[in-house]
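Trainee: Sharing a structure here in structure tokens format.
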């Protein structure tokens, strides 16, 4: 849980769980999501109870490769918020036009439930370097 006097928290890549095809860097500095990882949710967690209020999560991502243009896939990264392990409360899809570092943000409302921060992909390979969660005033 975020401490009442601390309105922000950084989650390193090691705090997140990953699906088959994604791998951790040897020094735990990131999660590599390559072509072996199926499109869909590839990173999830960490499960944290948040005080009721408004928040913003920012995922730190470095896009490495996009699907070949002939693949007729619109490369995108989707981030969402799931509470109590089942209920999606916020979602945002970001089309990805090029390689390099990006910060993907999503604002959401917490009712005090256990919160999960997920990342999904379509036609993109990237490195996830953690996330920042800030309580908004």
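A short reminder: the numbers here are calculations on the coordinates, not readings from a lab. Just so it is clear, the model here is predicted, and its values are computed rather than measured. Glycine gets a Cβ as well: all are built from the backbone with ideal geometry, and neighbour counts include every protein chain shown.
Trainee: Report whether or not residue 36 is farther than 18 Å from residue 131 by Cα and free of Cβ contacts under 8 Å to residues at least 24 places away in the same chain.
Mentor: Yes, satisfied.
Trainee: If residue 78 meets every condition in (1) touching a strand residue (DSSP E or B) at 6+ places or on another chain (Cβ under 9 Å); (2) more than 20 Å from residue 37 (Cα to Cα) apart from one, which number is that one?
Mentor: Every condition holds for residue 78 apart from (2).
Trainee: Next up: List every residue pair whose Cβ atoms sit under 6 Å apart, with the two residues 6 or more apart in sequence or on different chains, where the first one lies in the range 96-112 and is farther than 17 Å from residue 59 by Cα and the second, anywhere, is assigned to a loop (DSSP other than H, G, I, E, B).
Mentor: Between residues of the range 96-112 that are farther than 17 Å from residue 59 by Cα and residues that are assigned to a loop (DSSP other than H, G, I, E, B), the close pairs are 110/50; 110/52; 111/52; 112/52.
Trainee: Another one. Go through (1) in contact (Cβ under 8 Å) with a residue 24 or more places away in the chain; (2) surrounded by fewer than 18 Cβ atoms within 10 Å (Cβ to Cβ); (3) closer than 19 Å to residue 117 by Cα and name the single condition residue 42 misses.
Mentor: Among (1) in contact (Cβ under 8 Å) with a residue 24 or more places away in the chain; (2) surrounded by fewer than 18 Cβ atoms within 10 Å (Cβ to Cβ); (3) closer than 19 Å to residue 117 by Cα, the lone unmet condition for residue 42 is (2).
Trainee: Can you name every residue in the range 45-95 that is in contact (Cβ under 8 Å) with a residue 24 or more places away in the chain, more than 21 Å from residue 24 (Cβ to Cβ) and within 14 Å of the chain's Cα centre (by Cα)?
Mentor: 56, 76, 78, 80, 81, 82
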